[in-house]
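The values are calculated or read from the model by the stated rules, or taken from the named source; none is laboratory data. For clarity, every value in this text was computed on a predicted model and none was experimentally measured. Note that each Cβ is placed from the backbone with ideal geometry, even for glycine, and that neighbours are counted across all protein chains shown. Surface areas here come from the heavy atoms of the whole protein model, side chains and all, with no ligands, DNA or RNA. Shrake-Rupley method; radii C 1.70, N 1.55, O 1.52, S 1.80 Å.
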Amino acid sequence: MVKAFSSGLSSVLSGGADTIVARATAAGASALAVIRVSGPETCRLAGLLSPDINMASPWRAGVVRLHDESGVFLEEAIIIPYRAPRSYTGEDMLELMVHGSRWIVDAVVGTIISAGARQAAPGEFTRRAVANGKMDLVQAEAVNEVIQAETEWQARMAREQLHGVLSQEFRALKDALVALLAEVEGSLDFEEQGVVVDQGAHEAARKGCVARIDTLLVTVGAGVRVREGARVVIVGKPNAGKSTLFNTLLARERAIVAPTPGTTRDVLEAELEIEGLPVILVDTAGLREAEDPTEAEGVRRARREEERADLIVALWDVEDYNTLCFHEFKNTGRRLDIVSKADLAEQQIEGVLAISCLTGQGVDQLLEEIHLRVAAPVAAMEGSVAVNLRQAEALLRARKCLETLISVPQEVAALEIRSAMLALHEILGSLDDNEVLDAVFSSFCVGK
Ligand SMILES: Nc1nc2c(ncn2[C@@H]2O[C@H](COP(=O)(O)OP(=O)(O)OP(=O)(O)O)[C@@H](O)[C@H]2O)c(=O)[nH]1
Ligand SMILES: [Mg+2]
């Protein structure tokens, strides 16, 4: 874990924070539900819920009987008390494990609220953890990503980020900016004393910072792929077998398949996981000069999908293979030409991957090939963390400041470096900037 840092918010929170409560597990009936309480009033509220809760003996689970404000028995619960600062939020906290019945959860949360707590906003527990220096904003974003992770790669990347791998990179960059600022401000003092300062060292330090930013920005593409999935678009002439392949890869009858050319008119999308990486598989209308306006629109949409694809899988009907020259098949980074309906081949197919959805021939090989290409930028990523779009936007701002350094006088240069540092503070959440914090935490679940 990266060493915790203290932000401007911590003083605000430690002084005047109220106590919050929320169900931390998903809504709906379940075997168990966890309710979380955090804030300065936690000890008092615990005492009201049950005299058996011993906040003086924290970090130890116990079984207690919970009552409402008039002493009516509600539930037998397992509880874990935490004392500040050794808790998730850095405040006094209480976690209650109850049966996952809506009535029980509402009754316990309701009792805690009537005794003086407030229903927590989405992500408010984590927001307090950031404010109290338990983690930075980059790690807080990872908390949400860990929860939302649906594939192995998403979970792996989020975990590394949560452990501070990415935060360390941002901190190293921030330190480099501090060193650059010290250089520039130091030389200003010397210049005032009439000493001629060598600018070479500044330029080297500035370039070093830009290089660090560029290394981080390179990971954005891989991050988008891991977080949102790579778009793999199936294209080809009408009747090439696109929808059949789409269904085969998804292992379900998602798209309509028919022997009439021009069956698929619209763009169809479905999610697929290939070896831990999310893929958005796209089926399109057959590419031809269509006279029918609806089909023509479908062809236009297919072309648009081709443009935004991470990988285009172009299908060639085996019939066309018989009449096509071998060199027409492309096998580049973003495009993979393959032959379909290999079971109908009259001759040996060579030099191009051939598949048959009827017999299953070549389908596993195609999946491997897709994985290889889709995973390439992710595999090329140093470490397994990637900058997200919020962080990338701030990094680009910092980079712009460093670019202008070349052409401005030293006094202005110092200001530009400070602006770049502000962008880094914004990334790490060490600014008391509610707009940034609201944007980050609005996508969190309540109770996290
Ligand atoms: N023998 C054989 N027939 C196939 C194979 N794949 C698809 N077909 C047949 O080819 C015809 C067209 O298949 P589709 O999957 O609808 O083709 P499409 O490319 O989506 O066609 P459009 O949506 O009209 O552009 C259907 O009759 C399928 O049964 C295959 O691997 N082998
Ligand atoms: Mg189709």
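Against the condition in the same structural domain as L402 (by TED's automatic domain parsing), part of a loop (DSSP other than H, G, I, E, B) and farther than 30 Å from V339 by Cα, how does D214 come out, does it pass? The answer is no for D214.
The set of residues in region 214-234 being crowded, with 24+ Cβ neighbours inside 10 Å and either modelled with pLDDT of 95 or more or in contact with a Cys (Cβ under 6 Å, 6 or more places away or on another chain) (or both) consists of V233, I234.
Scan region 22-44 for residues that are outside any strand (DSSP E or B) and open to solvent by 10 Å² or more (accessible area, probe 1.4 Å) and jot them down.
A24, T25, A26, A27, G28, A29, P40, E41, C43, R44
Look at (1) surrounded by fewer than 16 Cβ atoms within 10 Å (Cβ to Cβ); (2) free of Cβ contacts under 8 Å to residues at least 24 places away in the same chain and you find that D432 fails only one, number (2). Within the option set I370, I355, being within 16 Å of ligand 2 (Cβ to nearest atom) and either within 17 Å of F246 (Cβ to Cβ) or without any contact (Cβ under 8 Å) to a residue 24 or more places away in the chain (or both) holds for one residue only, I355. Within the option set E191, E160, E169, being buried (at least 19 other Cβ atoms within 10 Å of the Cβ), among the charged types (D, E, K, R) and more than 16 Å from L415 (Cα to Cα) holds for one residue only, E169.
Results for (1) in a loop (DSSP other than H, G, I, E, B); (2) in contact (Cβ under 8 Å) with a residue 60 or more places away in the chain; (3) more than 9 Å from ligand 1 (Cβ to nearest atom), shown as yes or no for each residue.
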| site | (1), (2), (3) |
| --- | --- |
| G194 | yes, no, yes |
| R206 | no, yes, yes |
| P238 | yes, no, no |
| S243 | no, no, no |
| A296 | no, no, yes |
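Please determine whether any residue of region 345-368 is open to solvent by less than 70 Å² (accessible area, probe 1.4 Å), at pLDDT 95 or above and among the charged types (D, E, K, R). Scanning region 345-368 turns up no residue that is open to solvent by less than 70 Å² (accessible area, probe 1.4 Å), at pLDDT 95 or above and among the charged types (D, E, K, R).
How many residues does region 236-274 hold that are surrounded by 16 or more Cβ atoms within 10 Å (Cβ to Cβ), hydroxyl-bearing (S, T, Y) and more than 9 Å from ligand 2 (Cβ to nearest atom)? Residues meeting the conditions: 1.
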